[in-house]
Amino acid sequence: MSIHRITAMVPITDLDQAITFYSQGLGLQVTQRKDEWGHALLEGERGCQVMIDRSIRTESNASTVVYYYTSDIETLRDRVIAAGFEPDPIRITFYGMTEFRVRDPDGNQVWIGAREASTT
């Protein structure tokens, strides 16, 4: 037996705010939503998934980092801004990724990277 898939479970406090960030900001589609559980599953291209869940949050400052990959970092950053969020500037990292970082409404760190160099 081996692990064949990993899905991030991100702790949240407000389901509606989190869905706004992950759907309008990052462009993921809500494929499952359970308001009574405070839970949603969102999916993107190529089987990319993230679960957001209120029930796993045990402290007010819980935080996680999830790294997302994209092929068009400038457009995605513009989308995050248009949705009302404030990402860091795009930069090239020491490990060769072109990336930006932003926090979701609960303070969880979202890092978004592309393997190709940014044109900006």
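Derivation of every value follows stated rules applied to the coordinates shown; laboratory data play no part. Just so it is clear, the structure is predicted and the values come from calculations on it, not from any experiment. Cβ: placed from backbone, ideal geometry, glycine included. Neighbour counts: every protein chain shown.
Values as computed for the structure displayed
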{"item": "Max mean-square fluctuation residue, GNM over the chain, Cα-Cα springs under 10 Å, options Q49, Q109, Q32", "result": "Q32"}
{"item": "Using alpha-carbon coordinates, inclination of helix 73-82 to the longest axis of the chain, degrees", "result": "50 degrees"}
{"item": "Highest average packing first - 100-108, 82-90, Cβ atoms within 10 Å", "result": "100-108, 82-90"}
{"item": "Zero-based 5 Å bins, Cα pair distances in the chain, whole percents", "result": "2, 11, 22, 23, 20, 13, 7, 2, 1"}
{"item": "Residue exposure sequence - W37, W111 - by fewest surrounding Cβ within 10 Å", "result": "W37, W111"}
{"item": "Antiparallel bridges, percent of DSSP beta bridges restricted to the chain (to nearest 5)", "result": "65 percent"}
{"item": "Value of [θ]222 nm, deg cm²/dmol, for the chain, DSSP H segments ≥ 4, -39500 (n - 2.57) each, nearest 500", "result": "-3000 deg cm²/dmol"}
{"item": "Computed lengthening from R5 to Q17, 0.36 nm per intervening residue step minus Cα-Cα distance", "result": "1.6 nm"}
